[in-house]
Amino acid sequence: MKEIGGYFELEKFSGPMLHEAALPLNCGRACIEYLLEQKQIKKIALPVFLCDVVRESCLKAGAEISYYSIGPDFMPVNLNPARGQWLYVTDFYGQLSQAQLVYLHQKYPNMIVDNAQAYFKPPLEGVDTLYTCRKFFGVPDGGFLYTDAPERELPTDISYDRMNFVLGRFEKNAGEFYSAASFNNDYFSSQPVKHMSVLTENLLRAIDYDSVKNKRSHNFSYLHKHLKDLNLLDIHPVDGAFAYPLMLENGAEYRKKLIQNKIFVPTLWPNVLNEAEKGSLEYKLAADVLPLPCDQRYTQEDMDIIISFFK
């Protein structure tokens, strides 16, 4: 029977979600697995510069993998897909333009776009596209998939018992909840494809997306204005940016200094450091690019603190 009365739970929010028209799943890797299984994709080309989660998801779905390189503009190079092979394109730091994606899709119709770092970029019509929520918002799960693949019944994720690191950092510091956050990241490796949790969907309906996008865009542009002359990457402003990618010759040393001063700059895809040839562009992108925080939590004054370490 339905419960009536008693103590109050979290308020139910009714605002629109960004990507309302997409299929809401429990994480980005679930989007990949679902897509490969539903479209029966058996061969796929991945960039060398990519997290091992994507590769693991493709292998879990039974796909045969080949690899390609990217250029300094993050565009694929030297592509030669085999017959029946799909192309997996990652929009690194949101730096690929819609025109570039259209060009790739015209050449390679069997294409998947990974917008895990480009949450505010709309999908191209008719192109399978995935997004992940945890890289942009304080939620325990969540991914969105745009696809014409047939839907199937799925269980729904339950995430209330994995909210402690999100709630904890709201009132305390990140270090106290780092292990819980790491556990939540690892949790999805053993999980089947599920629908997004009711809790995460509710939280996503409470977000002011225009405000988030504007803050991220402003912070990115401000960092670029002050750091572009140091940056070895030729980048352009992004609406609702994921992070500001600053590439320096000795980026790894700067990363240590920043972390010592509680500016947490990750090494994205550390697996590439073991898998790519040392000295290759992919190796340098993994080692020397600093994804500087520029998200909605921070002000221009916070950006000035980050900039001070490079002046």
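The values are calculated or read from the model by the stated rules, or taken from the named source; none is laboratory data. Note that this is a predicted model, so its numbers are computed, not measured. Virtual Cβ from ideal backbone geometry, glycine too; neighbours counted across all protein chains shown. Ligands, DNA and RNA are excluded from the accessible area calculation, which covers all protein heavy atoms including side chains. Shrake-Rupley method; radii C 1.70, N 1.55, O 1.52, S 1.80 Å.
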Check: Rounded to the nearest 10 Å², what accessible area does LEU18 show when all protein chains are kept and the probe is 1.4 Å?
Finding: 50
Note to self: With a 1.4 Å probe and all protein chains left in place, how much of the accessible area of the chain comes from carbon and sulfur atoms, in whole percent?
What the structure shows: 52
Next item on the list: Compare LYS135, LYS194, LYS107 in a GNM of the chain, Cα atoms joined below 10 Å, and give the one with the largest fluctuation.
Entry: LYS107
Check: What order do you get for 285-293, 140-148, 33-41 when each peptide is scored by the mean count of other beta carbon atoms within 10 Å, highest first?
Finding: 140-148, 285-293, 33-41
Next item on the list: Among PHE136, PHE170, VAL198, pick out the residue whose Cα is farthest towards the positive end of the charge dipole of region 135-213, where Lys and Arg carry +1 and Asp and Glu carry -1 on C-beta, about the Cα centre.
Entry: PHE170
Margin query: In whole Hz and in residue order, list the ³J(HN,Hα) couplings for region 14-31 that follow from phi through the Karplus curve 6.51 cos²θ - 1.76 cosθ + 1.60, θ = phi - 60°; x for Gly and Pro.
Written below: 10, x, x, 8, 6, 6, 4, 7, 8, 7, x, 10, 7, 5, x, 5, 5, 4
Check: Where does each of SER280, SER69, SER14 land when they are ordered by accessible area, with a 1.4 Å probe and the largest first?
Finding: SER14, SER69, SER280
Margin query: Can you tell me which of TYR88, TYR298, TYR244 moves the most in a GNM of the chain? Springs connect C-alpha atoms under 10 Å apart.
Written below: TYR298
Checklist line | Euclidean distance between Cα centres, region 106-134 to region 185-247, Å | finding: 15
Next item on the list: Excluding ARG152 itself, calculate the net charge of residues whose Cβ lies under 13 Å from the Cβ of ARG152, where each Lys or Arg counts +1 and each Asp or Glu counts -1.
Entry: -2
Next item on the list: Give a quick list of trypsin sites (Lys or Arg not before Pro) in region 248-285 that DSSP marks as loop, anything other than H, G, I, E or B, with at most 12 other Cβ atoms within 10 Å.
Entry: LYS262, LYS278
Checklist line | Solvent-accessible area of VAL198 with every protein chain in place, 1.4 Å probe, in Å² to the nearest 10 | finding: 110
Next item on the list: Would you calculate a helix-derived [θ] at 222 nm for the chain, using -39,500 (n - 2.57) for each DSSP H run of n ≥ 4 and dividing by the full residue count, to the nearest 500?
Entry: -10000 deg cm²/dmol
Item checked: Positive minus negative residues near HIS105 (Lys, Arg vs Asp, Glu; Cβ under 12 Å) -> -1
Checklist line | Accessible area per residue, Å², region 185-300 with all protein chains present, probe 1.4 Å | finding: 50
Next item on the list: Of the DSSP beta bridges with both residues in the chain, give the percent that are antiparallel, rounding to the nearest 5.
Entry: 50
Checklist line | Over 26 Å (Cα to Cα) - which of LYS256/LYS311; LYS60/LYS194; LYS225/LYS278; LYS107/LYS213 fall in this group | finding: LYS225/LYS278; LYS107/LYS213
Next item on the list: May I ask you to give the solvent-accessible area per residue for region 1-160, in square angstrom, as obtained with a 1.4 angstrom probe?
Entry: 50
Check: Going by the alpha-carbon gyration tensor, a ≥ b ≥ c the square roots of its eigenvalues, is the chain rounded (a/c under 1.5) or, if a/c is not under 1.5, prolate (a/b greater than b/c) versus oblate?
Finding: oblate
Next item on the list: Please compute the net charge surrounding CYS58, taking Lys and Arg as +1 and Asp and Glu as -1 over other residues with Cβ under 14 Å from its Cβ.
Entry: -1
Checklist line | J(HN,Hα) series, region 218-224, from Karplus relation 6.51 cos²θ - 1.76 cosθ + 1.60, nearest Hz, glycine and proline x | finding: 5, 5, 4, 4, 5, 4, 5
